[in-house]
Amino acid sequence: MVDRSFADVELAALYDRLNPWGPGDDFYLEQVMAAGAVLDVGCGTGRLLRGARAAGHRGRLTGLDPAAAMLVQARRAEPGVEWVLGDLATHRWDEAFDLVVMTGHAFQELLTDEAVRGCLRGVRRALAGGGRFVFETRNPAARPWERWTPERVYEITDEDGAPVRVWHDAEPAPVGDRLAFTETYAGARWAGPQVCRSTLRFLGADALDGFLGAAGLAVAERYGDWGRGPLTPACPEIITVATTPAQSSEAFSSSDLSAGSSTTSSSR
């Protein structure tokens with residue numbers, strides 16, 4: 001199920017205004033520019049791949065997202081990138097990419113163990129030998145949800161210059177490793193506030209490493225912030241660079257994934 005904030009065309013058009021380019025985008029852009037063929041899973045409005053093309057990347061750039069409204073924004077802005085509607089369960093690539101990325105905390109949308117395993121299975125299959133998978137999740141030890149309160153209002157403007165107010169309201173704490181919250185948009189373009197409900201999964205580094213290892217991916221680098229600082233409990237991010245073995249992935253059977261397990265429950 002795609003969150004309303006991504007599925008609604010009007011709300012999707014506000015995404016880049018609400019989430020302006022920042023240090024995380026710079027980090028990923030450096031990764032993309034160093035790779036010949038790149039798959040962006042959960043690409044959203046395609047900002048990263050659009051930025052790479054504008055910066056001179058001439059290789060294969062493919063953006064994959066299940067939200068058609070987000071891809072509308074991507075295609076309008078850059079028709080020279082391959083934009084694909086769906087996810088790694090509906091599309092398969094075999095050793096087609098040097099780099100796979102998941103940005104914007106998209107990995108946290110995977111709410112069950114099977115969803116995580118399925119995603120990593122698709123990533124592993126899509127990567128050529130020696131390829132890299134780079135993604136980030138919010139660090140649960142830093143308890144970021146405590147700052148997601150209605151008092152913190154973000155004010156942006158829509159494409160017509162009209163003001164829009166956005167705020168979040170999170171549950172006091174995750175249930176297990178899942179946190180429910182709302183994102184509310186208010187402005188003159190709507191008769192009343194537009195409320196989007198969502199859930200994110202907060203996995204720690206140990207759980208992530210268990211899933212990655214079971215998928216045949218090895219953690220090569222791990223950072224706690226976009227400046228490549230070490231991961232500590234106070235760091236806002238868990239940024240992971242994982243790699244595949246140099247040999248072909250054909251020898252790795254998807255059935256091997258059943259051997260992996262996480263340290264968390266798969267119940268919602």
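The values are calculated or read from the model by the stated rules, or taken from the named source; none is laboratory data. Predicted model only: the values in this text are computed from it and were never measured. Using ideal geometry, Cβ is built from the backbone for each residue, glycine included, and neighbour counts are taken over all protein chains shown. Ligands, DNA and RNA are stripped out before the accessible areas are found, and what is left, the full protein with its side chains, is counted by its heavy atoms. Shrake-Rupley method; radii C 1.70, N 1.55, O 1.52, S 1.80 Å.
In degrees, nearest 10, range 0 to 90: what is the angle between the Cα axis of helix 23-33 and the longest Cα principal axis of the chain? Here the helix axis deviates by roughly 40 degrees. Accessible area per residue (1.4 Å probe, heavy atoms of protein chains only) ranks Thr45, Thr103 as Thr103, Thr45, with the largest value leading. Would you calculate, for the chain, the mean residue ellipticity at 222 nm contributed by helices, counting each DSSP H stretch of 4 or more residues as -39,500 (n - 2.57) and dividing by all residues, to the nearest 500? Helix-only estimate at 222 nm: -6500 deg cm²/dmol.
Annotation: per residue accessible area for region 6-51 equals 36 Å², rounded to a whole number [probe 1.4 Å, protein chains only].
Which value, in Å², gives the accessible area per residue of region 124-242 when a 1.4 Å probe is used on the protein heavy atoms? Intermediate results must be reported in sequence, preceding the final value.
Working: 5330 Å² over 119 residues.
That works out to 45 Å² for each residue.
All other residues whose Cβ lies under 15 angstrom from that of Phe133 are scored, Lys and Arg at +1 and Asp and Glu at -1, for a net of 0. Mean projected area of the Cα convex hull of region 1-147, taken over all directions, amounts to 9.0 nm².
Proximity of backbone amide H atoms, modeled 1.01 Å from N, is registered between His105 and Glu136 at under 5 Å, excluding neighbours fewer than 5 places apart on the same chain. Using only Cα atoms, tell me the angle between helix 113-126 and the longest principal axis of the chain; keep it within 0 to 90° and round to the nearest 10. Between the helix axis and the principal axis of the chain, the angle is about 60 degrees.
Going by average Cβ density within 10 Å per residue, which order do the peptides 205-212, 224-231 take, highest to lowest?
Numbers: 205-212: 18.8, 224-231: 14.2.
Top of the packing list down: 205-212, 224-231.
Region 177-232 and region 55-109 have Cα centres lying 18 Å from one another. Loop-located chymotrypsin sites (Phe, Trp or Tyr not before Pro) across region 102-199 with a Cβ neighbour count of 16 or fewer within 10 Å are Trp148, Trp190, with loop assigned by DSSP. The mean sequence distance of close C-alpha pairs (under 8 Å, at least 6 residues apart), as a share of the length of the chain, puts its relative contact order at 18 percent. With K and R counted +1 and D and E -1, the other residues having a Cβ less than 15 Å from that of Leu14 yield a net charge of -3.
For a protection proxy built on the mean count of beta-carbon atoms within 10 angstrom, sort 28-41, 50-63 highest first, please. Please report the intermediate quantities before stating the final value.
On the way: 28-41: 20.1, 50-63: 17.2.
Put in order of decreasing packing, that is 28-41, 50-63.
Can you send over the carbon and sulfur percentage of the accessible area for the chain, probe radius 1.4 Å, protein chains only? It would help to have the intermediate numbers written out before the result.
Working: 6260 of 12160 Å².
For the chain, the apolar C and S fraction of the accessible surface comes to 51 percent.
DSSP bridge analysis restricted to the chain gives an antiparallel fraction near 65%, rounded to the nearest 5.
For region 179-184, the Karplus equation 6.51 cos²θ - 1.76 cosθ + 1.60, evaluated at θ = phi - 60°, returns couplings of 10, 9, 7, 10, 10, 10 Hz by residue, with Gly and Pro reported as x. Extension gain for the segment Asn19 to Ala234, taken as residue separation times 0.36 nm less the Cα-Cα distance, is 75.2 nm to one decimal.
Just how large is the dipole of the chain about the Cα centre, in debye to the nearest 20, putting +1 at every Lys and Arg Cβ and -1 at every Asp and Glu Cβ? Provide the component values of the computation, followed by the final result.
Working: 27 positive and 36 negative charges, 36 e Å.
So the dipole magnitude of the chain works out to roughly 180 debye.
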